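The values are calculated or read from the model by the stated rules, or taken from the named source; none is laboratory data. Fair warning: this is a prediction, and the values are worked out from it, not measured in the lab. Here the Cβ is made from the backbone with ideal geometry for all residues, glycine too, and neighbour counts use every protein chain on show. Note: areas computed on protein heavy atoms with side chains; ligands, DNA, RNA excluded. Shrake-Rupley method; radii C 1.70, N 1.55, O 1.52, S 1.80 Å.
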Amino acid sequence: MRPATASRDDTGAEDALSAAIAGPQRSAANKARDKYRHPLETLTFFGIKPAMTVVEISPGAGWYTEILAPLLKDHGKLYEAVGGGPGAKTFQDKLKADPAVYGRVIVTTLKPPAETEIAPAGSADMVLTFRNVHDWIAHGTAQDYFKAFYRALKPGGILGITDHRADPSQPQDPNAKNGYVRQDYMIKLAEEAGFKLTGASEINANPKDLRDHPVWYLPPTLRLGEKDRAKYLAIGESDRMTLKFTKPATEPQPH
């Protein structure tokens, strides 16, 4: 049985997370996607706590940043590892527009293989990446990213991943052209970088997604516009794996 203090800590962490998810800093459009992205269940599964040092990888427009920043602002630390392009400026503008929420966020640059210092080595309790790995596979840089995560994490630190899950009966496309990644392939990528799988959750699964189309045909992208719109809206967002890995507390010793 766990000590009562551990239970209280977990309850306090979940209350703080619930408050961040319900907060006014989140846009209505982003809140509308909670039914697909399950932020409370996902972040609870990963074991996030308000006093942690967390690195979010490739935050895009900041869907999860709207939750992570207020959660970690007072007692923890949040690094946002951002690539280049116009999206990076849009994201920076979002942070600057609301210093009360985002003023303590530390933005770092992640452009493998040249720039991979996402946080000081061995400083992070948790690294999180949401729906990104398929892009790195397409660019042939996935292993560089995983190495950067491993370097930034403390021994015993957690890597949390969600991504579009491919049909396991189909071979993995080495370029992930349709945006889906086989779960066993994802696990192999992480294990090759030194991580150990410590949990898998079906919280972001969607059995309606038969994965026989590019993932961008589904919401929120709806790339085909009005064509087959009702069909793809009925499916909802993609079937997703939710995987939790740990950096071993002790490094393996050479024989």
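Carbon and sulfur: what percent of the stretch 1-117's accessible surface (1.4 Å probe)? Display every interim value, and only then the final one.
On the way: 3320 of 5830 Å².
Using a 1.4 Å probe with all protein chains present, the stretch 1-117 comes out at 57 percent carbon and sulfur.
Suppose R0 equals 30 Å; then what is the FRET efficiency for ALA200 and ALA22 from their Cβ-Cβ distance, rounded to the nearest 0.05?
0.65
Database remark: amide H of GLY199 closer than 5 angstrom to the amide H of LYS244 (H placed geometrically; neighbours at sequence offset of 5 or more, or on other chains; Pro and chain starts carry no H). Note on the stretch 51-127: Cα convex hull, mean projected area over all directions, 4.8 nm². Springs join every pair of Cα atoms under 10 Å in this Gaussian network model of the chain, and among LYS49, LYS231, LYS208 the largest mean-square fluctuation is at LYS231. Surface analysis of the stretch 57-98 yields an accessible area of 41 Å² per residue, using protein heavy atoms and a 1.4 Å probe. Under 13 Å Cα to Cα from LYS31, which aspartates and glutamates show up? Leave out anything in the same chain fewer than 8 places away. LYS31 reaches GLU66. Dipole of the stretch 27-129 computed with +1 at Lys/Arg Cβ and -1 at Asp/Glu Cβ about the Cα centre; of GLY76, ALA29, THR129, farthest Cα towards the positive end is ALA29. Remark on ALA124: its backbone amide H falls under 5 Å from those of LEU153, LYS154, a criterion applied only to residues 5 or more positions apart or on other chains, H modelled at 1.01 Å from N.
Send over a whole-number figure in Å² for the accessible area per residue of the stretch 108-247, probe 1.4 Å. Before the final figure, lay out each step's value.
Working: 6210 Å² over 140 residues.
That works out to 44 Å² for each residue.
Backbone geometry of the stretch 189-194 corresponds, through the Karplus equation with coefficients 6.51, -1.76 and 1.60 at θ = phi - 60°, to 3J(HN,Hα) couplings of 4, 5, 5, 5, 7, x Hz, x marking Gly and Pro.
Return the carbon/sulfur percentage of the accessible area of the stretch 129-183, one whole number, probe 1.4 Å, all protein chains in place. Spell out each step's value before the answer.
Details: 1090 of 2130 Å².
Of all accessible area on the stretch 129-183, carbon and sulfur atoms account for 51 percent.
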